[in-house]
Amino acid sequence: MCGRFLRQLLAQESQCSTPVGRLLLPVLLGFRLALLAVSGPGVYSDDQSEFVCHTQQAGCKAACYDAFHPLSPLRFWAFQLILVAVPSALYVGFTLCHVIEHWEEPGKVKKEEETLIHKGDSCRDASGARSRKILWAYVAQLGARVVLEGAALGGQYHLYGFKVPSSFSCRQDPCLGSITCNLSRPSEKTILLKTMFGVSGLCLLFTLLELVLLGLGRLWKIQKHRFSSFNCFSTSESTTRHKEPTNNFPVVETKE
């Protein structure tokens, strides 16, 4: 029973997605998580301890580091991953509620499973109000991910730019005058920063591509339905027009 429920849940989740949303987006999200977990602490673990300022004044180093990094890059990327995963989690929860709601319908669940498993990996065979709800929920979570990814990219550029400098000039209280601070391993941090930019940009691009593919698939389905309806109407009209009456046969008289 649990296996059947999981199969039903997975089928409903992948009902409206294309291969881009089913494969590439989860892989990129997992790659970002692995990159952050493996490379992030090693690169930024000594960020504050190796932030050296040419002054002995108390509190000046902490003030300059706070001005240079108002938010730690590791915490920013972790927060970004959580925000991006929230729409997908809400979509899974919506699908779970949908499956539970219609779980007790005996023949309908089995028919729905066979249709989703044997007839496709998109919304081509999905019809009715329930399928439309799942489709619009999926589109809504993609739109939310686009907004969050775009906002995160803008925030990352505003906070960190595209390059980590080797030195930073600081004029903050309680520092007296301008203080120069040096950073450790700026090249390595720049590489990780640009990598995270690239992966986030790819996620945003593929999410937009998923929306475009869904729109094209929906448009193609509507056009195909209209074309088939027009053909059926033309065929029935021509058949009616060329149909000969069957009750007006000529009477043939025979002479004996």
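Computed from the coordinates by the stated procedures, all read-outs in this text should not be read as laboratory data. Only a predicted model underlies this, so the values are computations on that prediction, with no experimental measurement involved. Every residue, glycine as well, gets a Cβ built from its backbone with ideal geometry; the counts of neighbours run over all protein chains shown.
Some values worked out for this structure:
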{"item": "Computed lengthening from R75 to A140, 0.36 nm per intervening residue step minus Cα-Cα distance", "result": "20.7 nm"}
{"item": "Ratio Rg/Rh, restricted to segment 47-101 and using Cα atoms, in which Rh is the Kirkwood radius", "result": "1.42"}
{"item": "Summed residue charge, Cβ within 15 Å of L208's Cβ, Lys/Arg positive, Asp/Glu negative", "result": "-1"}
{"item": "L205 versus R22: modelled label distance in nm, points set 7 Å from Cα along the beta carbon direction", "result": "2.3"}
{"item": "Length gained when the stretch V92-Q56 is fully extended (0.36 nm per residue, less Cα-Cα span)", "result": "7.5 nm"}
{"item": "Per-pair calculated FRET efficiency, R0 = 45 Å: T195 and R132 via Cβ, rounded to 0.05", "result": "0.70"}
